[in-house]
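Comments concern the structure below.
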Amino acid sequence: MGVLAALVAWGVTGRRNVGLSVAYGALAVVMPAALFARGMMGRFSSLNPATAAVGFFVWEIVKIAVSVTLLALAPRMVPGLSWLAMLIGLIVTMKVYWVALLLVPKSVKRKE
């Protein structure tokens, strides 16, 4: 979705830096989320409920730190950064999570 939003922004404005700003905003959401998901799949995060809770909080802190770091590095990483376009990329990418949740089937059959 972030790539599509970046291409639309680039196409509508005709400015490459706007497309790159939207793409970087999407990356600032997707990369930390993927890191969080990978961390939660680790062996220690599923030992017992206490370690799962601690693992959740640790990986959430890592996710926030990576997000803040990516946002702080944005002016260096994207030449001619458009902060508004990057914010739009962030918001569009975050809202896609809700669309994905709405598309999940209501009843999932379990194998017993």
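The values are calculated or read from the model by the stated rules, or taken from the named source; none is laboratory data. Here the structure is a predicted model, which is why all the values come from computation and not from measurement. No Cβ is skipped: glycine too gets one built from the backbone with ideal geometry, and neighbour counts run over all protein chains shown.
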Subject >> Top-ranked residue in the range 32-55 [being surrounded by 11 or more Cβ atoms within 10 Å (Cβ to Cβ) and more than 27 Å from MET94 (Cβ to Cβ); ranked as modelled with the lowest pLDDT] >> reply: PHE44
**OP:** Kindly indicate whether any position in the range 7-16 is part of a helix (DSSP H, G or I) and under 20 Å from ARG76 (Cβ atoms).
**Re:** yes
Original post:
Which residue pairs have Cβ atoms closer than 7 Å, lie 6 or more positions apart in sequence or on different chains, and pair a first residue in the range 56-85 that is surrounded by fewer than 12 Cβ atoms within 10 Å (Cβ to Cβ) with a second residue that is assigned to a helix (DSSP H, G or I) and not hydroxyl-bearing (Ser, Thr, Tyr)?
Top reply: PRO79/ASN17; GLY80/ASN17
